[in-house]
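Structure first, commentary second.
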Amino acid sequence: MSAEAADREAATSSRPCTPPQTCWFEFLLEESLLEKHLRKPCPDPAPVQLIVQFLEQASKPSVNEQNQVQPPPDNKRNRILKLLALKVAAHLKWDLDILEKSLSVPVLNMLLNELLCISKVPPGTKHVDMDLATLPPTTAMAILLYNRWAIRTIVQSSFPVKQAKPGPPQLSVMNQMQQEKELTENIFKVLKEQASDSILVLEAALKLNKDLYVHTMRTLDLLAVEPGMVNGETESSTAGLKIKTEEMQCQVCFDLGAAYFQQGSTNSAVYENAREKFFRTKELIAEIGSLSLHCTIDEKRLAGYCQACDVLVPSSDSTSQQLTPYSQVHICLRSGNYQEAINIFIEDNLTFNLPVQFRQSVLRELFQKAQQGNEALDEICFKVCACNTVRDILEGRTISVQFNQLFLRPNKEKIDFLLEVCSRSINLEKASDSLKGNMAAFLKNVCLGLEDLQYVFMISSHELFITLLKDEERKLLVDQMRKRSPRVNLCIKPVTSFYDIPASASVNIGQLEHQLILSVDPWRIRQILIELHGMTSERQFWTVSNKWEVPSVYSGVILGIKDNLTRDLVYILMAKGLHCSTVKDFSHAKQLFAACLELVTEFSPKLRQVMLNEMLLLDIHTHEAGTGQSGERPPSDLISRVRGYLEMRLPGKTSLQSQISEIQYSCNSGGKS
């Protein structure tokens, strides 16, 4: 052997060897191997993997002499494989949480059906027709396990699931996935058809007053030898793993509660049943204590369900003092008593009891109602947003985008309310220095963002502001606000009316760029750009966001504008208008295009025609998204504008997209005229 080969051999032999994985068929050859394998600290394959392998092999179809596919044969090999799968599940103590997490619906369905079979549940018999009290304990427990899994699976299937990203397409894999998907859907269909029966079976189980037993590895071995020995007859009625009545009822109550809660989305009266089951679950957990080995309830999830039920079905004997804040807010929203909900949020700013996510969900709900045309809610949205913003800044979070948008046009009422919320949200005698510092910084930043000195002095003269900021800080801030003046625009004014608005006060470039990205108000955009160009002449602010896209046929003309401010303004107005049109925010798109048209009219006939084209296209899209969907004929002036444009259009003067849309529209309209 060469020296090189010897070195290689030495290196290889010195490496620790990974023990080979035990193959499924080895458990068929050696009867005691399964228990030895499962006793290992980290068995490989894991128990759930073994269940999959055993059932997969036992359910493989066979092919006869005529090359026809036949169902899996009921032979000794397959019966042993199914028994091995059951024994592994027994090793896991039939814990549905573990089994559901690791096994697919078809595999777990097959496993539990095998349990029913070996527990002597007659095939084809409806479980609801069987008297659990007279059945052997292991048979009754097998029926309960199956029906608990059935309703748990129905509930779980109602939740949205994030689809896994598919790998490289492989025909065999795709076929297998499609088959499993179809099989799963068929099982779901059957389970949903039997859901009412499963619920009745579990309700009947709550009336049992005897302990039940579930099969263990030992009882399954005995069954394989002599089936009648351990299925409830004589002395063997207590064979298996004992499940106390309270443990069984606790699990059943929780699963029934989840099923009723899921049904409540279509029948609100069922929430009362869910509430009853969840609170009974809490009582049983208190009775059982922490010593239970077989009753595992997700207590955080249970607490969430109970809180939700308190909101949806308040107890009839509850007084307003006993209601949880969740219930109080929900009742206020349902009754339209928004002021009371706002008071609850302000009080919560002192206690921090309500989760931030819950407060945000309330604001989202109000925003949705406001956007559906309920303009009276605009003020309520601001007030709830202000309450949430103060809670955020007290806990050290940044100010939300929503608050910045709602506070773009401050007025006396908004300032007064914001100061009221700030005052009621902090106890100056008990508050920590960090809370006081957060509140002071917030008030200072609000002042810096205001243009009207009258509003600045409303805040700076407020008792809370005077208490939180030192004399030197207050004087410095007030002097800074007094001295600031509108920046002078030195560029040539293409359109006088558009530039005759005072510019806003400067804050800093980063904040202004952030506002520039968020704003869809053309006047505000113009003010921000004047401010930014007054702070630096080295930046091209049309590049601030990579989401601002303008067709190259337009951008070539726009970027040729010599004046930097005008170039940035035209480009940003055009880009924001196109984006708003794309997302069907037609009202803002029209404002942005109108401002851009006014701006370019007197210095660029080419850009003026571009804007007229885009505004015509916008009107077309607005009609198509509105009355056009119901087949209503477009207004005659719109048809005339489209036809007139097509008659005088010169090739290459507009984007291809505009040409196609306009031609299609004209043809459709012409057919109706």
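One table, with the values for the structure above:
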quantity	calculated
Members of the range 85-101 found to be free of Cβ contacts under 8 Å to residues at least 60 places away in the same chain and either hydroxyl-bearing (Ser, Thr, Tyr) or surrounded by 14 or more Cβ atoms within 10 Å (Cβ to Cβ) (or both), listed by number	Ala85, Val88, Ala89, Leu92, Leu96, Ile98, Leu99, Glu100
Flag if Ala140 is among the hydrophobic types (A, V, I, L, M, F, W, C), in the same structural domain as Ala85 (by TED's automatic domain parsing), in contact with a Ser or Thr (Cβ under 8 Å, 6 or more places away or on another chain) and surrounded by 16 or more Cβ atoms within 10 Å (Cβ to Cβ)	no
Residues located in the range 621-637, provided they are surrounded by 14 or more Cβ atoms within 10 Å (Cβ to Cβ) and in a helix (DSSP H, G or I)	His621, Thr622, His623, Glu624, Gly628
Enumeration of residues in the range 398-412 that are charged (D, E, K, R) and touching a residue at least 12 places away in the same chain (Cβ under 8 Å)	Lys412
Residues (under 24 Å from Gln527 (Cα atoms) and either exposed (fewer than 13 other Cβ atoms within 10 Å of the Cβ) or among the β-branched types (Val, Ile, Thr) (or both)) located in the range 453-478	Gln454, Val456, Ile459, Val478
Selection from the range 49-84 of residues that are buried (at least 18 other Cβ atoms within 10 Å of the Cβ), touching a residue at least 40 places away in the same chain (Cβ under 8 Å) and within 40 Å of the chain's Cα centre (by Cα)	Ile51, Val52, Leu55
Members of the range 113-125 found to be over 39 Å from the mean Cα position of the chain (by Cα) and not polar (S, T, N, Q), listed by number	Cys117, Ile118, Lys120, Val121, Pro122, Pro123, Gly124
Single residue of Val544, Val557, Val553, Val610 found to be under 28 Å from Arg409 (Cβ atoms) and either touching a residue at least 12 places away in the same chain (Cβ under 8 Å) or surrounded by fewer than 17 Cβ atoms within 10 Å (Cβ to Cβ) (or both)	Val544
Number of positions in the range 58-113 that are touching a Ser or Thr at 6+ places or on another chain (Cβ under 6 Å) and among the small types (Gly, Ala, Ser)	1
Qualifying positions in the range 257-311 - in contact (Cβ under 8 Å) with a residue 60 or more places away in the chain and among the small types (Gly, Ala, Ser)	Ala258, Ala259
Filtered residues of the range 419-447 (kept if surrounded by fewer than 18 Cβ atoms within 10 Å (Cβ to Cβ) and either more than 36 Å from the chain's Cα centre (by Cα) or over 26 Å from Leu512 (Cα atoms) (or both))	Glu420, Ser423, Arg424, Asn427, Leu428, Glu429, Lys430, Ala431, Ser432, Asp433, Ser434, Lys436
Selection count, the range 408-418, where residues are buried (at least 17 other Cβ atoms within 10 Å of the Cβ) and in contact with a Ser or Thr (Cβ under 9 Å, 6 or more places away or on another chain)	1
Residue in the range 359-394 that is modelled with the highest pLDDT, counting only those that are over 25 Å from Leu419 (Cβ atoms) and either outside any loop (DSSP other than H, G, I, E, B) or not assigned by TED's automatic domain parsing to the domain that holds Asn411 (or both)	Arg364
Residue that is farthest from Ala274 (Cα to Cα) [pool: residues in the range 221-261 that are modelled with pLDDT of 75 or more, out of contact with any Ser or Thr (no Cβ under 7 Å at 6 or more places or on another chain) and not in a helix (DSSP H, G or I)]	Lys242
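Matching residues to (1) in a helix (DSSP H, G or I); (2) in contact with a strand residue (DSSP E or B) (Cβ under 9 Å, 6 or more places away or on another chain); (3) at pLDDT 85 or above; (4) surrounded by 17 or more Cβ atoms within 10 Å (Cβ to Cβ):
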{"residue": "Lys584", "(1), (2), (3), (4)": "no, no, yes, no"}
{"residue": "Ser587", "(1), (2), (3), (4)": "yes, no, yes, no"}
{"residue": "Gln591", "(1), (2), (3), (4)": "yes, no, yes, yes"}
{"residue": "Ala594", "(1), (2), (3), (4)": "yes, no, yes, no"}
{"residue": "Glu602", "(1), (2), (3), (4)": "no, no, no, no"}
{"residue": "Leu616", "(1), (2), (3), (4)": "yes, no, yes, yes"}
{"residue": "Asp619", "(1), (2), (3), (4)": "yes, no, yes, yes"}
{"residue": "Ile639", "(1), (2), (3), (4)": "yes, no, no, yes"}
{"residue": "Leu646", "(1), (2), (3), (4)": "yes, no, no, no"}
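The values are calculated or read from the model by the stated rules, or taken from the named source; none is laboratory data. Being a predicted model, the structure only gives us computed values, none of them experimental. Note: ideal-geometry Cβ built from the backbone for every residue, glycine included; neighbour counts use all protein chains shown.
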